[in-house]
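The values are calculated or read from the model by the stated rules, or taken from the named source; none is laboratory data. What you are looking at is a predicted structure, and each value in this text was computed from that prediction instead of being measured. Neighbour counts run over all protein chains shown; Cβ positions are idealised from the backbone, glycine included.
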Amino acid sequence: MPRIALVTGGSRGIGAAISTALKAEGYTVAATYAGNDEKAAAFTAETGIQTYKWDVSDYDACVAGIAQVTADLGPIDILVNNAGITRDAPFHKMTPQQWGEVINTNLSGVFNMTHPVWPGMRERKFGRVITISSINGQKGQFAQVNYAAAKAGDIGFTKALAQEGARAGITVNVVAPGYINTEMMSTIPEKVMNDVILPQIPVGRLGEAAEIARTVVFLASDDAGFITGSTISANGGQYMS
């Protein structure tokens, strides 16, 4: 039987690329989304990948959603924690709400999704937990104290949990993308892109969502069984750690 993969935020952007790449490799894929029913329906119609709506910052919603996916498709073997939000502001202007929303989605959401699937992975002696962090969780970024803290926390979460999963056949890893050519990047003015962003990237271009997806597909595979607790930087050489 095909292994079951669940991708949070899996119907748009990097998440959509990950979902479709995993399906192309023979996995049965489910994708979650938070709010855009129209785009989720279009994604399912185009790809045949089932989508499920819930908020990853809500633990009970995650438990219920995961139970539904399991009932529909089977127990989850691969979890890709991709869902994330930004609420950018310089720290002196950042509100507790902006802080809390980002931490609750980007960090607590990783706990909320991983915790319910962990016992089953331990029982079956196999699992893959792959979390999409960010270059800004590695190096920091102006006006992103909340986002950088959450994404750095994802890396710490991964390093600790990898030690618990190793003897149970579960690997836990991070992919940390740099600037990726997604819908969000298309809003940046051309002059800012050419004069500010691209000169920071040694390879001289934005990354593609498919490149992140291929990294995830590898980490999900049996070939990656000796890789755990790792952070794979996919940023064109912009930040090297």
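Restricting ALA45, ALA64 to those that are out of contact with any Asp or Glu (no Cβ under 6 Å at 6 or more places or on another chain), in a helix (DSSP H, G or I), closer than 16 Å to GLY109 by Cβ and of a type in the set (Gly, Ala, Ser) reduces the list to ALA64. Give me the residue from the range 100-142 that is small (Gly, Ala, Ser) and more than 17 Å from the chain's Cα centre (by Cα) and, out of that set, farthest from THR32 (Cα to Cα). The qualifying residue farthest from THR32 (Cα to Cα) is GLY140.
Apart from one condition, LYS39 fits all of (1) surrounded by fewer than 22 Cβ atoms within 10 Å (Cβ to Cβ); (2) assigned to a loop (DSSP other than H, G, I, E, B); (3) touching a Lys or Arg at 6+ places or on another chain (Cβ under 7 Å); (4) not hydrophobic (A, V, I, L, M, F, W, C); the exception is (2).
Among the residues of the range 55-82, write down those that are over 13 Å from ASN112 (Cβ atoms), of a type outside the set (Asp, Glu) and touching a strand residue (DSSP E or B) at 6+ places or on another chain (Cβ under 7 Å). Correct list: GLN68, VAL69, LEU73, GLY74, PRO75, ILE76, ILE78, VAL80, ASN82.
Looking at GLY140, GLY207, GLY169, GLY153 in this structure, which one is under 19 Å from GLY236 (Cβ atoms) and in contact with a helix residue (DSSP H, G or I) (Cβ under 9 Å, 6 or more places away or on another chain)? Give the derivation first.
On the way: GLY207 fails: in contact with a helix residue (DSSP H, G or I) (Cβ under 9 Å, 6 or more places away or on another chain); GLY169 fails: under 19 Å from GLY236 (Cβ atoms); GLY153 fails: under 19 Å from GLY236 (Cβ atoms).
Checking each option against the conditions leaves just GLY140.
Filter the range 71-83 down to the residues that are part of a loop (DSSP other than H, G, I, E, B) and either without any contact (Cβ under 8 Å) to a residue 24 or more places away in the chain or not small (Gly, Ala, Ser) (or both), then identify the one that is nearest to GLY9 (Cα to Cα). So, considering only residues that are part of a loop (DSSP other than H, G, I, E, B) and either without any contact (Cβ under 8 Å) to a residue 24 or more places away in the chain or not small (Gly, Ala, Ser) (or both), the one nearest to GLY9 (Cα to Cα) is ASN82. Exactly one residue among THR44, THR20, THR28, THR8 is under 17 Å from THR182 (Cα atoms), in contact with a strand residue (DSSP E or B) (Cβ under 7 Å, 6 or more places away or on another chain) and among the β-branched types (Val, Ile, Thr), and that residue is THR8.
Out of ILE212, ILE188, ILE197, one residue alone is modelled with pLDDT of 95 or more and either over 20 Å from THR32 (Cβ atoms) or of a type in the set (A, V, I, L, M) (or both). It is ILE212. Consider PRO116 carefully, then state whether it is surrounded by fewer than 23 Cβ atoms within 10 Å (Cβ to Cβ), touching a Cys at 6+ places or on another chain (Cβ under 7 Å) and of a type outside the set (D, E, K, R). The answer is yes for PRO116. Against the criterion of being among the polar types (S, T, N, Q), part of a loop (DSSP other than H, G, I, E, B), touching a helix residue (DSSP H, G or I) at 6+ places or on another chain (Cβ under 8 Å) and within 20 Å of SER11 (Cβ to Cβ), THR86 qualifies. Taking the criterion of being among the small types (Gly, Ala, Ser), touching a Cys at 6+ places or on another chain (Cβ under 9 Å), at pLDDT 95 or above and in a helix (DSSP H, G or I), would at least one residue in the range 103-111 satisfy it? Yes; the residues of the range 103-111 include at least one that is among the small types (Gly, Ala, Ser), touching a Cys at 6+ places or on another chain (Cβ under 9 Å), at pLDDT 95 or above and in a helix (DSSP H, G or I). The C-beta contact set for the range 177-192 (first residue without any contact (Cβ under 8 Å) to a residue 40 or more places away in the chain, second residue among the basic types (Lys, Arg), distance under 9 angstrom, 6+ apart or interchain) comprises ASN181/ARG205. Considering the conditions (1) of a type in the set (Gly, Ala, Ser); (2) at positive phi; (3) without any contact (Cβ under 8 Å) to a residue 24 or more places away in the chain, ALA143 is excluded by exactly one of them, (3). Only one of the listed residues (ILE78, ILE49) is among the aliphatic types (A, V, I, L, M), more than 21 Å from SER133 (Cβ to Cβ) and at pLDDT 95 or above. That residue is ILE49.
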